[in-house]
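Take a look at the structure below.
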Amino acid sequence: MRPHARAYCGLLSFCESPTAQAGDKIQTTPNERDTLFAPTAPSPGPAPLLDRVLLVGLYKDRGSSIKSYALSDDGSLTSIGDSNAGGNPSWIAAAGPRGEGTLTSLLTVSETGNTVASLSLGCDGKVTETSRVSSQGAGPVHLATDPLGEHAFVANYGGGTVAVLPVTQGGDSAVSLGEATQTVDFGASAHAHSTYLSGGGVYVPTLGLDQVQQLTFEGGKLSKAHEPLSVPQDQGPRHLAFHPTLPLAVLANEGNGTTQPTIELLGVDAAQGLSTIATYEASGPYSPPDLYPAEVLFSPGGSFMLVSVRDASTQKRDGIAVFQVGAESLTFKDYTAVGHYPRSMTLTKTGSQAGLLIVGNQKDNSLTLLNFDLASGALHKAAEDLPLGDSPAFVGIFETAKGCAAQATLV
């Protein structure tokens with residue numbers, strides 16, 4: 001077994017850091033890249049209605065496990081508060097299309113509780129649990145839903161399984177989960193790391209098998225669509241990202257700490273499945289050991305691809321690699337340093353040619369905020385790293401329901 005795979009709940013490193021309180025505002029505009037995090041007094045009156053919220057899932061077994069931040073159009077963050085969503089919510093996903101009323105429904109895993117929960121995100125940015133069921137395997141780490149939001153697919157890293165859970169729509173877009181209707185077992189050593197739906201296919205990177213399983217979902221059942229896509233031995237496929245317009249995907253290989261960190265550019269064909277076009281080194285100027293790619297995503301429009309690379313040593317080689325996307329190629333652009341062990345990241349637009357990249361740094365309990373130039377692909381520090389007081393497992397931006405957006409007044 002790979003050293004880093006022995007404990008799928010994560011390698012935690014806690015420190016004594018101040019926790020952001022409600023009203024702490026972090027300025028991250030492009031013209032204030034070096035702004036420090038200066039607390040401000042809470043605004044009087046009722047809490048503002050929000051149109052989008054940053055959620056940070058924490059590696060915590062007990063107590064509040066999700067932090068909420070208001071995200072304004074200029075990229076500034078304001079702490080809203082904490083919610084209890086079960087132990088170690090290491091992945092959160094929207095439960096189908098955006099709601100019409102005043103609630104947005106989300107789904108989250110509990111990595112230590114071996115469960116999946118449905119959540120309601122209110123107009124105030126706070127999260128409430130509405131149901132919880134078994135994930136049908138140990139160590140659930142990722143989930144996705146079908147386009148209609150009628151089924152959830154959860155990957156169990158420790159159990160090597162993928163389970164299908166029915167999602168029932170209730171009033172005001174609130175949803176509840178039913179017990180699993182199917183569990184696909186790839187073997188205890190498979191380490192199913194994530195699930196993705198694209199073009200009618202369901203794709204499951206199984207890190208322990210050095211394969212990406214290619215399935216289809218019809219009639220409420222998963223079945224094999226194509227032979228698995230294989231990667232070189234010990235590369236360990238972790239996460240996928242599908243291009244928004246081109247028939248391309250990028251696969252981040254976690255590796256085993258001694259292999260060269262890589263990403264793979266894949267062709268996507270509904271009739272033939274995935275195929276490898278080219279393989280690229282992911283860690284910029286750095287070489288093994290102890291480097292592990294984690295998250296991968298495309299920029300809005302798909303001109304660039306970003307991958308986070310974690311350094312398990314103390315050499316501070318953690319960073320974000322940026323590649324320019326061609327029709328059938330990637331071109332390395334730059335490698336930007338971030339905090340220690342960047343497990344998760346999310347990117348949102350803050351202007352016609354500007355974006356904000358938010359990175360969750362697992363081992364130094366912080367967020368890194370970077371301004372992203374959508375025209376050149378350049379990353380620049382937006383502010384000092386934000387201390388969380390707890391280890392972030394997941395960061396993601398979610399829209400509140402349409403009824404909230406119509407009344408939104410961001411601070």
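The values are calculated or read from the model by the stated rules, or taken from the named source; none is laboratory data. What you see is a predicted model; the values in this text were computed from it and never measured. Neighbour counts are summed over all protein chains in view; Cβ atoms, including those assigned to glycine, are modelled from backbone coordinates with ideal geometry.
Looking only at residues in the stretch 159-175 that are in contact with a Gly (Cβ under 6 Å, 6 or more places away or on another chain) and modelled with pLDDT under 95, the one that is farthest from residue 240 (Cα to Cα) is 172. Do we find that residue 332 is under 23 Å from residue 268 (Cα atoms) and touching a residue at least 24 places away in the same chain (Cβ under 8 Å) in this structure? Criteria met by residue 332. For the stretch 255-263, the criterion of being in contact (Cβ under 8 Å) with a residue 60 or more places away in the chain and out of contact with any helix residue (DSSP H, G or I) (no Cβ under 7 Å at 6 or more places or on another chain) is satisfied by at least one residue. Being buried (at least 22 other Cβ atoms within 10 Å of the Cβ), under 20 Å from the mean Cα position of the chain (by Cα) and charged (D, E, K, R) holds for only one residue in 111, 129, and it is 111. Considering only residues in the stretch 165-207 that are on the phi > 0 side of the Ramachandran plot and of a type outside the set (Gly, Ala, Ser), the one that is farthest from the chain's Cα centre (by Cα) turns out to be 172. Consider the stretch 201-238 and keep the residues that are touching a residue at least 60 places away in the same chain (Cβ under 8 Å) and buried (at least 21 other Cβ atoms within 10 Å of the Cβ). The one that is farthest from residue 158 (Cα to Cα) is 222. Of the listed requirements (1) closer than 30 Å to residue 256 by Cβ; (2) among the hydrophobic types (A, V, I, L, M, F, W, C); (3) modelled with pLDDT of 80 or more, residue 1 misses just one: (3). Screening the candidates 200, 178, 208, 220 for the property of being over 30 Å from residue 128 (Cα atoms), of a type outside the set (A, V, I, L, M) and touching a strand residue (DSSP E or B) at 6+ places or on another chain (Cβ under 8 Å) yields one hit, 200. Does any residue of the stretch 312-324 turn out to be under 20 Å from residue 397 (Cβ atoms) and touching a residue at least 40 places away in the same chain (Cβ under 8 Å)? Checking the stretch 312-324: at least one residue is under 20 Å from residue 397 (Cβ atoms) and touching a residue at least 40 places away in the same chain (Cβ under 8 Å).
Within the stretch 253-262, is even one residue closer than 17 Å to residue 306 by Cα, out of contact with any Ser or Thr (no Cβ under 7 Å at 6 or more places or on another chain) and β-branched (Val, Ile, Thr)? No, the stretch 253-262 contains no residue that is closer than 17 Å to residue 306 by Cα, out of contact with any Ser or Thr (no Cβ under 7 Å at 6 or more places or on another chain) and β-branched (Val, Ile, Thr). One residue stands out among those in the stretch 87-123 that are β-branched (Val, Ile, Thr) and touching a strand residue (DSSP E or B) at 6+ places or on another chain (Cβ under 9 Å): the one that is nearest to residue 51 (Cα to Cα), which is 104. Applying a threshold of 9 Å to beta carbon distances and a minimum spacing of six or more residues, or different chains, the list of pairs starting in the stretch 180-197 at a residue that is surrounded by fewer than 16 Cβ atoms within 10 Å (Cβ to Cβ) and of a type in the set (S, T, N, Q) and ending at one that is at pLDDT 95 or above and not in a strand (DSSP E or B) reads 189/160; 189/208; 189/209. Inspection of the stretch 326-334 identifies at least one residue that is over 22 Å from residue 56 (Cα atoms), touching a Leu at 6+ places or on another chain (Cβ under 9 Å), assigned to a loop (DSSP other than H, G, I, E, B) and polar (S, T, N, Q).
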